[in-house]
Amino acid sequence: MSRPIRVGILGASGYGAGELLRLLTQHPAAEVVSLTTTSQAGQPVERVHPHLRGFYDLRLSEALDLSALLAGDFGVVLSALPHGVSATALDGLLRTAADHPRCERLRVIDLSGDFRLADAGLHERYYPKSPLLPGRRHEFVYGLPELYRDRIRAARCVANPGCLATAAILAAAPLVTADFRGPLAIDAKTGSSGSGRELKETTHHPTRHADFRAYKPLEHQHEPEILQALGDPRGARMQVSFVAHSLDLARGIFVTVHATLPAADSAPAPAAAYRVFYGRCPFIRLVEESPALQNVVGSNFCDIAVAVRGRQVVAMAALDNLVKGMAGTALQNMNLMCGLDETTGLWAPSFRPV
């Protein structure tokens, strides 16, 4: 089978890039042609990502090979650069590519938070070190396929969702009807790989092992992202509280959403509402028992369960922060942007046991 998609990855030395590269080894239509880094230029892929030994005959470089990227039917740039750095790099790339005779083939997916928030004021508050770039911001479509599949298909630039936001939105979205006002309480627990490869005090193993803590309660940057996806970016209509917690494990997110319905007979039964809402979403699995991380880690699936008592609803979601919460959704978006079935190269089960 020919490989019509040429892929370049910016910031290719981190966990997110490593996961992109792992998943791309199984993608039948994509070929990785360029990898960039500011810290390990000249190194072969296996030196930076030892688990990929034998899969890539590439070296990381300082600059993207735009000619190689645009030699296929599509050239897809996946930016795994940090918040505050990615936006500037992609803006420069898009300006440079505009003069290339094949610029219409270029597609861009940003894995950072730099383009997620459409509201300029919210972006400046939650990502103060990231440039606003108002002329560029409107070009980026929020890339959660289960909610915005048709917009992603038509997009040239996509802002990949945050990992915690992905789990929270998927758990809550079917509950948010026109008359829903909240409150919506979101309890999110995540593994340490979500903080990236660079060592930090709170992700250092001796600190995180056998410990449990909350962080950024009621001020996490994913809260406005969740509200935006639920149609109320500034919380003017809906009361939401979001608290993230650190788990003593490397991969996985488990989110519990607590909600109170407006009236017991005002909407379809929650279980039926979830089945309808996710009826054409191949990576959402509705389960009757509690979701379990071992059933999703390593895969692009998100397992969701709903418990109901009168007007009380508890929705639970489990996913892998590095796959469905990051690299897997990025490739799902890439598939849609390039006219492929969204499951291409991603239809695989979890690791078990982890």
Check: Applying the selection to region 80-98, what residues are in contact with a Gly (Cβ under 8 Å, 6 or more places away or on another chain) and under 18 Å from Cys163 (Cα atoms)?
Finding: Ala80, Leu81, Pro82, His83, Ser86
Notebook entry, point to check: If you scan region 95-106, which residues turn out to be in a loop (DSSP other than H, G, I, E, B) and among the small types (Gly, Ala, Ser)?
Noted result: Ala98
Next item on the list: Working carefully through the options Val297, Val313, find the one that is closer than 24 Å to Gly182 by Cβ and in the same structural domain as Leu218 (by TED's automatic domain parsing).
Entry: Val313
Next item on the list: Would you point out which residue out of Ile169, Ile109 is part of a strand (DSSP E or B), under 13 Å from the mean Cα position of the chain (by Cα) and surrounded by 15 or more Cβ atoms within 10 Å (Cβ to Cβ)?
Entry: Ile109
Notebook entry, point to check: So which pairs qualify, if the first residue must be in region 129-144 and closer than 18 Å to Arg95 by Cα, the second must be surrounded by fewer than 20 Cβ atoms within 10 Å (Cβ to Cβ) and among the hydroxyl-bearing types (Ser, Thr, Tyr), the Cβ gap must be under 7 Å, and the two must be at least 6 apart or on different chains?
Noted result: Pro131/Thr88
Next item on the list: State which residue is nearest to the chain's Cα centre (by Cα) when the search covers only region 172-196 and only residues that are in a loop (DSSP other than H, G, I, E, B) and among the β-branched types (Val, Ile, Thr).
Entry: Val176
Check: Of the residues Ala317, Ala305, Ala348, which is small (Gly, Ala, Ser), under 16 Å from Leu170 (Cβ atoms), modelled with pLDDT of 95 or more and more than 15 Å from the chain's Cα centre (by Cα)?
Finding: Ala305
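Taking region 22-38 as the search range and keeping residues that are outside any strand (DSSP E or B) and more than 25 Å from Ser350 (Cβ to Cβ), which one is modelled with the lowest pLDDT?
Of everything passing the filter in region 22-38, Thr38 is modelled with the lowest pLDDT.
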Notebook entry, point to check: Going by the structure shown, is Ala71 among the aliphatic types (A, V, I, L, M), assigned to a loop (DSSP other than H, G, I, E, B), more than 30 Å from Leu132 (Cβ to Cβ) and over 25 Å from the mean Cα position of the chain (by Cα)?
Noted result: yes
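Has region 314-326 got at least one residue that is without any contact (Cβ under 8 Å) to a residue 60 or more places away in the chain, part of a loop (DSSP other than H, G, I, E, B) and out of contact with any Lys or Arg (no Cβ under 7 Å at 6 or more places or on another chain)? Give the steps one after another, and end with the answer.
Taking region 314-326 as the starting set, the residues that turn out to be without any contact (Cβ under 8 Å) to a residue 60 or more places away in the chain are 314.
Those left that are additionally part of a loop (DSSP other than H, G, I, E, B): none.
The answer is no; no qualifying residue exists.
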Check: Any idea how many residues of region 237-264 are assigned to a loop (DSSP other than H, G, I, E, B), over 14 Å from Leu184 (Cβ atoms) and aliphatic (A, V, I, L, M)?
Finding: 5
Checklist line | Sole exception among (1) exposed (fewer than 15 other Cβ atoms within 10 Å of the Cβ); (2) modelled with pLDDT of 95 or more; (3) acidic (Asp, Glu) for Glu19, by number | finding: (1)
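The values are calculated or read from the model by the stated rules, or taken from the named source; none is laboratory data. Keep in mind the model is a prediction, meaning the values are calculated, not measured. Here the Cβ is made from the backbone with ideal geometry for all residues, glycine too, and neighbour counts use every protein chain on show.
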